[in-house]
Structure formats: structure tokens, C-alpha cells
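The structure appears below as C-alpha cells.
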Amino acid sequence: METDQYLDMFLDESREHLQAVNDNILKLEKQPENIDIVHEIFRSAHTLKGMAATMGFEDIASLTHKMENVLDQIRNYQLTVTTEVIDVIFIAIEYLEDMVQSIGDGKDGKRDVSELVQRLDVIEKGGSSLKEPQGAKEEVAAESVTASIAGLELDGFQMEVVQQARQQGYHVYQSTVLLEDDCILKGARAYMVFEILEKNGEIIQTTPAIEDIEEGNFDQGFSFIYLSKEKEENLKAQILKVSEVKEVDIADFLQEVSGHEESKEDKSSPINKAEMETEKVTTSQKTNKSEGKHQATKTIRVNLDRIDDLLNIFEEVIIDRGRLEVISDKSENQELTETVEHLGRVTSEMQSLILSMRMVPIDQVFNRFPRMIRGLARDLNKNINLEIIGAETELDRTVIDEIGDPLVHLIRNSVDHGIELPETRKKAGKLEEGNLTLRAFHSGNHVFIEIEDDGAGINRDKVQSKAIEKGLITAEEAVSLSNDEIANFILSSGFSTADKVSDISGRGVGLDVVKSKIESLGGEIHIKTQEGKGSIFSIQLPLTLSIIATLLVKVQRETYAIPLSSIIETALLEKEQILHAHGRKVMDFRGQVIPLVSLADVFQVPFEEEAHVKYHAVVVVKKGEQLTGLIVDSFIGQKEVVLKSLGVYLKDVFAISGATILGNGEVALIIDPNALIK
């Protein structure tokens with residue numbers, strides 16, 4: 001049976017099990033005596049091993065098998081949890097993550113794990129027999145979910161494979177093969193049996209482990225669960241032809257997942273198992289304490305590509321809705337007008353629903369940081385406590401995919417430059433352990449992510465001197481700026497106050513790359529700092545990037561769309577109200593002089609002379625604390641538009657973030673105000 005159809009399911013669940021192992025190992029390091037945590041880690045490792053073996057990824061199966069052995073010794077009180085054990089398991093997790101990523105990228109997922117397997121083997125053999133609490137073995141045994149054949153365990157993934165195989169016409173057998181008592185080359189005989197089996201079907205699980213069987217590390221027999229379209233009598237006859245095979249017992253595999261077993265399986269898998277081929281349906285029971293009843297909650301798990309395809313199709317509906325609105329406005333047909341209005345309401349609800357389907361918890365980004373902080377703290381000889389708040393906050397998948405690297409850079413910067421060494425903190429009257437808080441929350445149509453530390457803060461004098469040196473401000477201007485305004489200069493291009501190059505926080509490149517990435521996502525970043533007390537890096541991001549609210553404006557005969565999220569207000573200026581300073585057009589905006597930029601000049605729009613122009617239409621846009629007025633010819637009105645890429649041939653066009661198709665079929669370019677604010 002081909003396993004390619006299960007690849008998406010394998011990748012999804014492998015990542016979830018690895019994350020579960022990662023999270024629980026961090027907990028175990030803080031609570032080394034908590035055997036319940038070890039049981040959780042063991043379940044995840046065991047499930048991952050079974051999945052990898054089923055899919056034929058031997059390097060993953062081999063490494064997780066050795067991890068499982070070490071964990072088994074810990075949960076049986078034969079090995080103590082030490083820093084060395086934790087370190088090696090973390091290295092193993094990194095190896096496994098790399099191999100799973102390799103498979104996800106279409107590669108074979110192979111990696112030389114021999115050295116790491118050897119290290120785990122040394123730890124396993126060095127396990128000391130410690131005094132076991134009474135009943136410990138019984139507790140471990142009770143945790144095991146076993147199949148009806150002795151010693152075999154099937155996890156949820158393997159059970160799904162079994163069920164799907166039956167639907168495809170395969171027999172599912174449980175079998176035991178016994179060799180002659182005087183058989184010497186047991187491994188060779190077992191290998192010959194497996195050769196026959198693999199020609200006729202697929203082995204799902206064995207006991208003992210398949211590598212032990214092939215090495216002859218078993219008594220006189222071994223057992224397995226097997227998928228095949230061959231009849232059992234034919235299989236039995238073929239296996240009995242192998243020399244020194246004494247007995248073959250083959251029967252239908254009858255294991256069913258009972259309610260008790262299902263609850264056990266849920267502990268080892270963060271998600272419920274479901275329909276194969278990525279799209280999976282599950283039903284879970286939740287207890288309503290107030291009513292004392294069970295309520296069924298149905299969920300469906302769909303490949304993200306399908307949601308993207310659905311959104312692309314819906315974007316075409318939005319475009320057609322706009323065209324219908326234009327036709328309706330020109331028509332005097334009341335029924336058409338009412339139908340279009342109803343269509344508008346329905347599509348708005350559909351839009352909200354589809355966009356919510358694209359929303360994923362930011363935990364997918366945050367969950368990589370605890371292990372990273374642990375490693376950085378050890379490298380820098382610092383004590384750091386990481387607190388994560390609001391990991392359940394949801395953000396558009398497009399933003400999730402892009403925000404990870406900027407957050408890594410900011411966190412590494414806080415760890416390296418912000419939080420002091422323990423002895424320095426102690427002298428300053430602080431606790432030796434520094435605190436780093438990663439926080440996410442919703443506010444309006446935006447998501448805010450904050451990285452806060454209780455370190456040394458940003459040195460105003462150092463940043464101010466560098467800013468003056470680079471010509472960003474004059475000494476006179478610096479006097480009137482607040483500490484936070486000065487601190488934000490570290491986000492300027494090429495700005496760095498590092499005394500020496502550091503591999504930890506970016507090799508002196510500065511944070512301008514972070515700022516550029518965040519702004520390319522339609523977001524903003526600001527810094528608040530208090531010297532000696534700490535700093536907060538605050539990132540504001542839009543909830544979604546694909547359908548945006550805009551103000552349509554006219555420049556000669558061309559139409560442009562300006563995102564509403566960047567607009568402060570609009571204004572009509574008389575010619576006399578346009579002033580000049582330092583050779584540039586400016587305007588007085590509520591007592592503040594701000595620059596004016598003509599879109600006709602920026603985009604070189606062909607000019608058609610118009611007589612008696614009395615007013616200039618101006619759109620005031622913001623970028624952080626900076627304001628700029630964009631001169632246009634007229635305002636058309638607000639419109640929700642679909643943001644479309646310009647494609648590979650027109651990428652990186654100055655001040656243009658994309659295009660959209662309007663209701664009348666006209667293409668309008670979408671302005672990137674950030675590029676126009678200087």
C-alpha cells in the first residue's frame with residue numbers, strides 16, 4: 001500500500017508531537033522528579049517512532065527509538081534527569097525537526113544520526129538503578145495502550161492507516177512467527193520473512209522493534225501487524241517455506257479503539273485523529289458543567305492550500321460585487337438594487353468567515369522561543385525567565401509566516417543587549433534572574449506583539465550621540481526629543497551602538513531590517529524604554545492582508561487606492577494654504593508643519609490642464625509619529641478592495657504595494673504610504 005497519501009497527515013502530526021516533546025522537556029528540566037511529564041514525553045516519542053516507521057523514514061524511527069529507551073529508563077526510575085540528558089534530547093529534537101522539515105520540502109528526510117544515537121546509547125547504558133517507589137511499575141504498565149496481540153502498541157496514526165487500508169480492500173492481520181529452538185541465525189531468518197512480507201503488503205508494527213528483530217535480539221519468536229490483499233493461508237504457506245520457521249500464526253487484527261483507549265490516545269496527541277488525506281473530521285465531547293450534559297463539538301481540519309484557493313475565488317466574487325454595485329447605481333430597477341444590497345451583506349459575512357478560517361494562533365511562532373532562550377541564556381551566562389502571554393491570539397497565516405524572523409531578531413537583541421549579567425543585576429539591586437515577556441493581544445483591527453525586558457534599558461546618551469554623528473538629527477533638535485523618541489533611532493538604517501560584533505543579536509546590522517519587514521506587512525514598530533528599568537518593543541500588525549479597506553482617489557484620469565489604516569484625515573486646501581519650506585511644499589496641519597507629496601509627480605501621471613482649480617485635495621497619512629500630506633485631484637470614496645500582487649515582473653515598484661480591480665473593470669494601484677513618508 002502506498003504511503004504517499006498519508007504524507008500531509010504525517011507532517012502535521014510529527015510537528016505537533018515534536019512541539020509537545022519540546023514543551024514538556026522544558027517543564028521536565030524545572031521539575032525533574034515529575035514522572036507524569038516523562039510519561040507525556042514518552043507517549044509523543046513513541047507515537048512519532050511508530051508514524052516514522054510506518055512511513056519508512058528509518059532515520060527518524062531510529063533516533064526516536066533511542067530517545068524512547070532513555071525516557072523509558074527515566075520513567076522506570078533507572079535513570080535520573082540531568083542537564084546532560086536534557087541537552088542531548090534537545091539536540092535530538094533539533095535533528096528530528098530538521099528531518100521532518102526536509103520531508104516537507106520534498107526531500108528524503110535522511111540524516112546521519114549515528115553519533116547522536118551513540119550518545120543516547122551511552123546515556124541509556126549508564127542509567128543507574130535507583131530505588132523505585134512502590135507501585136511505580138504498575139503505574140507505568142497502566143499507562144500503556146496495547147493491542148490484542150501481546151507487546152504490540154498502535155497509536156492513533158497507525159489505527160487510521162489500518163482503518164483506511166480496510167476501506168481500500170486490504171486485510172489487516174496480526175501474526176506471530178516462531179523459529180526452531182536451535183535456530184542460530186535468527187536475524188537472517190527474520191530478514192527472509194520480512195522480504196516475503198514486503199513483497200505482498202506492508203508491516204505496520206512489530207514487537208520487538210524491527211531493528212532488534214533483524215539483529216536477532218529476540219527469543220524464539222516475533223510478532224507484527226500486517227496489511228495485505230493476500231489470503232492468510234497463502235501468506236502462511238510462503239512464510240513456512242523459510243528454513244527454521246517452526247510455526248506461523250495469522251489472524252485478523254480485531255483491535256477497536258474504546259472510549260478509554262481514545263482518551264489515553266488524546267493525551268499523546270495534541271489533536272484528534274481524523275479522515276486521511278489531510279482533511280480530517282473529528283468529534284469530541286465537552287462537558288457542560290452548568291447543565292450536566294455532554295455537548296458534541298464537530299471540527300474539520302482542512303489543508304491550508306484549500307482555504308487559500310477558496311479565498312482567491314471569493315476575491316473574484318468581491319470584484320464582481322463591485323461591478324454589480326456600479327450597474328445597480330446606474331439602473332433604476334428596485335429589485336436589482338435590493339438584490340445587490342442583500343448580496344453585499346451576505347458577502348460581507350462570508351468574507352469575515354473565510355478570513356477567520358485563515359486565522360491561526362500566534363503560538364505557532366511563540367512556541368519556538370522557550371528553547372531558544374534556554375540556549376542563549378547558557379551561551380551568555382545569564383539567568384533569564386521567559387513568560388509568554390496571549391499565545392492563543394490569532395493572526396492571518398500570511399502574517400504568521402513572515403513575522404517569525406523579526407521576532408527572533410528582537411528577542412535575541414533583548415537577551416544580548418537588554419538583560420544584564422547576574423552579577424551586574426545584583427549590583428543594581430535587581431534579582432539575578434532577568435525577565436523577558438512575550439505578549440500578544442488584539443486591539444481593534446490590529447494585533448499587537450510586545451517584547452518586554454527588565455534589563456538595562458536603552459542608553460539615551462549613546463544613541464543620541466550616534467544619531468547626531470550619522471546626521472539623523474542635530475544637537476539642538478535632540479534636546480526637545482523624549483527618551484522614547486531618541487530610542488527609536490536604533491531602528492534607523494545601518495544604526496548600531498554595539499561596541500563589538502555579536503553573533504547573538506545580528507552581527508551589528510541593527511534593527512532596520514526588522515523595521516522594514518514589519519512595515520512591508522503593513523505594520524509599525526515602536527520602542528519604549530526607561531534606563532536601568534528595561535525596554536518594550538511594540539509591534540502593531542493588521543489582522544489580514546488580502547482584503548483591505550481603502551480610500552479611492554483620482555489623479556488626473558488614474559485611480560489609486562490608499563489603505564484606510566494609514567490615513568489620519570482628508571482635507572481641501574486652497575492654493576494660498578500650500579506653503580514652501582526648504583524648497584518643498586508643506587502645509588499647516590493642526591499647528592504642525594508637515595510635508596506635501598504630489599502623487600502626480602511621484603508616478604509621473606500625464607498632466608491634462610484644468611482651468612480654475614480652486615482647491616487641492618489632500619490625504620494626510622501617518623507612519624509612526626511622522627505625517628505627510630498626499631496631494632490628489634479628488635476623493636472618490638471608501639471601498640473594500642482585494643489586494644493583488646503585481647507579479648514577478650513588476651515587483652518592488654516604488655510606493656506601490658499591489659493592485660485591485662474595481663467594479664467598472666478598471667485597475668487601480670494600491671499606494672504604500674510608508675514609502676512616501678520621509
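Here the label points at residue 469 and residue 675, each 7 Å from Cα along the C-beta direction, are separated by 3.3 nm in the simple model. Here the simple spin-label model places points 7 Å from the Cα toward Cβ, and for residue 313 and residue 538 these points are separated by 4.2 nm. Rounded to the nearest 20, the Cβ-based charge dipole of segment 312-367 about its Cα centre (Lys and Arg +1, Asp and Glu -1) stands at 220 debye. Between residue 350 and residue 652, the FRET efficiency from the beta-carbon distance, with R0 = 51 Å, is close to 0.95. Candidate cross-link partners of residue 125 among the aspartates and glutamates, defined by an alpha-carbon separation under 20 Å and a same-chain spacing of 8 or more, comprise 68, 72, 84, 87, 115, 211, 212, 215. Calculate the FRET efficiency for residue 585 and residue 304 from the Cβ-Cβ distance with a Förster distance of 56 Å, rounded to the nearest 0.05. Calculated transfer efficiency: 0.75.
Under a model in which nothing but the beta-carbon of Lys, Arg (+1) and Asp, Glu (-1) is charged, segment 625-678 shows a dipole of about 120 debye around its Cα centre. Charging the Cβ of each Asp and Glu at -1 and of each Lys and Arg at +1, and nothing else, the dipole of segment 363-542 about its Cα centre rounds to 560 debye.
Pairs of Lys residues in segment 408-500, spaced 8 or more positions apart or belonging to different chains, with C-alpha separations under 27 angstrom: 10 in total.
Roughly what would the spin-label model give for residue 238 and residue 401, points 7 Å off Cα along C-beta, in nm? Rounded to a tenth, the inter-label distance reads 4.4 nm. Hey, quick one: spin label on residue 380, modelled 7 Å out along Cα-Cβ, who in segment 449-486 has an amide N within reach, i.e. under 17 Å? Inside the label zone: 451-459. Using the Cβ of residue 96 as centre and a radius below 11 Å, the other residues enclosed give a net charge of -1, where K and R count +1 and D and E count -1.
The stretch between residue 664 and residue 482 holds 60.6 nm of extra length on full extension. This uses 0.36 nm per residue minus the Cα-Cα distance. Computed from backbone phi, the HN-Hα couplings of segment 628-636 come to 8, x, 9, 7, 10, 8, 6, 9, 9 Hz, rounded to whole numbers (Karplus: 6.51 cos²θ - 1.76 cosθ + 1.60, θ = phi - 60°; Gly and Pro given as x).
Panel note: the C-alpha atoms of segment 304-361, placed on their principal axes, show extents of 46, 16, 12 Å (largest first). Subtracting the Cα-Cα distance of residue 36 and residue 98 from 0.36 nm times their residue separation leaves 19.6 nm of extension gain. With R₀ fixed at 35 Å, the C-beta to C-beta distance from residue 516 to residue 339 puts the FRET efficiency at about 0.15.
The numbers here are math on the coordinates, done by the rules we state, and not lab data. Treat the numbers as computed from the prediction; the structure is a model and nothing was measured. As a convention, Cβ positions derive from the backbone with ideal geometry for all residues, glycine included, and neighbour counts pool all protein chains shown.
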